[in-house]
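Only one structure is covered here, and it is reproduced in the block below.
The values are calculated or read from the model by the stated rules, or taken from the named source; none is laboratory data. Computed from a predicted model, the values in this text were never measured in an experiment. Here Cβ is always computed from backbone atoms with ideal geometry, including for glycine, and neighbour counts include all displayed protein chains. Ligands, DNA and RNA are stripped out before the accessible areas are found, and what is left, the full protein with its side chains, is counted by its heavy atoms. Shrake-Rupley method; radii C 1.70, N 1.55, O 1.52, S 1.80 Å.
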Amino acid sequence: MDKTYYENIIQKGYTRRQFLKYATYMTAFMGLKFSAVGQVVEALETKKRIPVIWEHFQECTGCSESFIRSDHPLVADIILDKISLDYTDTLMAASGHNAEAAKQKSMKENYGKYILIVEGAIPMKDNGIYCTIAGRTAIEILKESAAGAAAIITFGSCSAWGGVQAAHPNPTGAVPVDEIIKDKPIIKVPGCPPISEVMTGVVLHYATFGTIPKLDSDGRPKQFYGKRVHDSCYRRANFDAGLFAESFDSEEAKNGHCLYKLGCRGPISYNACGTMEWNNGVSFPIKSGYPCIGCSENDFWDNSPFYEQLENIPGAGIGTTADKIGKVVLGTAVAGTVVHALATNIAKRKELKEAESFGEKNKNNIK
Ligand code: FSX
Ligand code: SF4
Ligand code: F3S
């Protein structure tokens, strides 16, 4: 706990060159420009590791599953090791009383300094009895863990918005973290689940700079949630050209025609899916032939039925290119300005590759 990130990395047997390579990756992960590499290097050389307490409440654990499926060494070597993951009942080796003791010890020793990660919603009905761990309610555990946290990161739509538990009729009275904790900075990383590299990037940002990233009005980091899925979708050209798939099993769907008529919520969903993708850039729902269901948006479960065409998208020119047979009435979610930003999107994957080559070329210049 007393060592810096750099000292830990070197102690584990990595070379300085590998460290610099990591630093360039991390810079790109955080959505920063290459010119910030030096700043990241300096922070990692001087900053002590930050302890992380990771709680799980009402959820499916898909967020942890997504997180550990990033095959990038950053996750294994930086997050799970270099960041001191002091407690997560899903991933840690200890269990029962030992796990609980480790958490209590870390929270006491690092009071006011640790990051609290929360997965899952918190049920409020009937005094919170619908989610208890070792006889204590999620409400009680959350309040205790939040008290000494420097900042809270909510992983997944459940802890950010309430998620599937909070969907109508919300039988357990499930609420998101920010309805209970009001006195701490909260960074929302929604998605059901969120993209692994986005989760990593947000934790790295705080660990590296000790500050929370710039957030949008819903509390999501702008560098990852600043654009709609629609704006980075590879089917977008077909949307603009009025080429739509009419059924899932059609040739058009296979050939990349737009899934708008099959209910795609990409035009009203803010997430980095089209640029980051899952499983180290292998795919994302739309690439697999499945319309976006808006999993990063508040109340997305109640914004159903899925797979039915959205009624209209102001400013997107859909009225001239597709049928106006919409059945689903949109709420205020569509009110935002429609930006045709495909050409200007930051291709995160490309950035990562460029970051690596930048690190290689400049390894002697980064002190
Ligand atoms: Fe929720 Fe995460 Fe969906 Fe599941 O922990 S955001 S149900 S992927 O697992 O909280
Ligand atoms: Fe892609 Fe959906 Fe937008 Fe079509 S409507 S371009 S499938 S995000
Ligand atoms: Fe979710 Fe839509 Fe992305 S469903 S994973 S926000 S494409």
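Pairs needed: first member in region 159-187, assigned by TED's automatic domain parsing to the domain that holds Ser304; second member anywhere, open to solvent by 30 Å² or more (accessible area, probe 1.4 Å) and small (Gly, Ala, Ser); C-beta distance under 9 Å; at least 6 residues apart or different chains. Note: no pairs meet the criteria. Of the residues making up region 211-226, just one is buried (at least 21 other Cβ atoms within 10 Å of the Cβ) and within 16 Å of ligand 2 (Cβ to nearest atom), namely Tyr225.
The lone criterion from (1) away from ligand 1 (no atom under 15 Å from the Cβ); (2) part of a loop (DSSP other than H, G, I, E, B); (3) open to solvent by less than 30 Å² (accessible area, probe 1.4 Å) left unmet by Glu197 is number (2).
Scanning region 152-178 for residues that are polar (S, T, N, Q) and open to solvent by 10 Å² or more (accessible area, probe 1.4 Å) yields Gln165, Asn170, Thr172. Residues that are more than 14 Å from ligand 3 (Cβ to nearest atom), hydroxyl-bearing (Ser, Thr, Tyr) and closer than 30 Å to Asn280 by Cα within region 142-197 comprise Thr154, Ser159, listed in sequence order. Just wondering, is there one or more residues in region 280-287 that are within 16 Å of ligand 1 (Cβ to nearest atom) and open to solvent by less than 60 Å² (accessible area, probe 1.4 Å)? Yes; the residues of region 280-287 include at least one that is within 16 Å of ligand 1 (Cβ to nearest atom) and open to solvent by less than 60 Å² (accessible area, probe 1.4 Å). When the residues of region 24-74 are filtered to those that are within 16 Å of ligand 1 (Cβ to nearest atom) and modelled with pLDDT under 80, the one that is surrounded by the fewest Cβ atoms within 10 Å (Cβ to Cβ) is Arg69. Selection over region 127-151 of residues that are open to solvent by 10 Å² or more (accessible area, probe 1.4 Å), farther than 17 Å from Ile186 by Cβ and without any contact (Cβ under 8 Å) to a residue 40 or more places away in the chain gives a count of 8.
Looking across region 253-277 at every residue that is open to solvent by 20 Å² or more (accessible area, probe 1.4 Å) and farther than 26 Å from Ala174 by Cβ, the one that is nearest to ligand 3 (Cβ to nearest atom) is identified as Glu277.
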